[in-house]
Amino acid sequence: MKHKTFISLIINGDPVDAYVKDNLTLLDFLRDQLLLTGTKKGCEEGECGACTVLFDGKPVNSCCTLAVECNGHEIETIEGVAKNGQLHPLQKQFIEKWAMQCGYCTPGMIMSAKALLESNPHPTELEIREAIEGNLCRCTGYAKIVEAIQAAAADMNWEGDGNNA
């Protein structure tokens, strides 16, 4: 029997305490134990970005992060992006700009883009492309994704300027 460790962390703003096997990935912990299935299981090698979540505000591949490493930290998944029943501007713009087709990469793309916009509210197209370079999409060709992130940045900056009464 594998050794289990007690962890205590914050996931999507809620405290979570659990016993986990020492070799359990954050991805499997989220999906199998917490039933947060928005984070997608792709390559399981850290190459595709489908499993991207925010670890203390920074994007990480949850397939390459052990759940025990998250003890005492904050994790945000795609399920935590919408607030009070309202979609985040990124989610709205991915829909409005047709930035998804099959949707498999979308949660990881949104998490990477969210981290970017939280640290850089006015990114250039090149900065957007660099921020999502670890997220593979086989359907869209990225143009619509970049367009959606640019539109979300504009929406977020407009909402934050105090002139949206």
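The values are calculated or read from the model by the stated rules, or taken from the named source; none is laboratory data. Values in this document were obtained by computation on a predicted structure and should not be read as measured data. Please note: Cβ atoms are built from the backbone with ideal geometry, for glycine as well, and neighbour counts cover all protein chains shown. Side chains included, ligands, DNA and RNA excluded: accessible areas come from the protein's heavy atoms. Shrake-Rupley method; radii C 1.70, N 1.55, O 1.52, S 1.80 Å.
Sub-9 Å Cβ pairs linking a first residue in segment 109-134 that is of a type in the set (D, E) to a second residue that is modelled with pLDDT of 95 or more and open to solvent by 60 Å² or more (accessible area, probe 1.4 Å), at least 6 apart or interchain, are E125/Q150, ordered by first then second residue.
Taking segment 88-102 as the range and being of a type in the set (S, T, N, Q) and within 13 Å of Q150 (Cα to Cα) as the test, the residues that pass are Q91, Q93. Mind counting the residues in segment 42-98 that are touching a helix residue (DSSP H, G or I) at 6+ places or on another chain (Cβ under 6 Å), closer than 21 Å to L24 by Cβ, open to solvent by 50 Å² or more (accessible area, probe 1.4 Å) and not in a strand (DSSP E or B)? Looking only at that region, the number is 1. Total residues in segment 136-145 satisfying the condition of being crowded, with 20+ Cβ neighbours inside 10 Å and either among the basic types (K, R) or at pLDDT 95 or above (or both): the figure is 1.
When the residues of segment 7-41 are filtered to those that are closer than 15 Å to M109 by Cα and not charged (D, E, K, R), the one that is surrounded by the most Cβ atoms within 10 Å (Cβ to Cβ) is T39. Residue check: R31 meets all listed conditions (1) free of Cβ contacts under 8 Å to residues at least 12 places away in the same chain; (2) outside any helix (DSSP H, G or I) but one, namely (2).
I'd like the full set of residues that are among the polar types (S, T, N, Q) and either outside any helix (DSSP H, G or I) or open to solvent by less than 20 Å² (accessible area, probe 1.4 Å) (or both), limited to segment 104-132. Answer for segment 104-132, where residues must be among the polar types (S, T, N, Q) and either outside any helix (DSSP H, G or I) or open to solvent by less than 20 Å² (accessible area, probe 1.4 Å) (or both): T106, S112, N120, T124.
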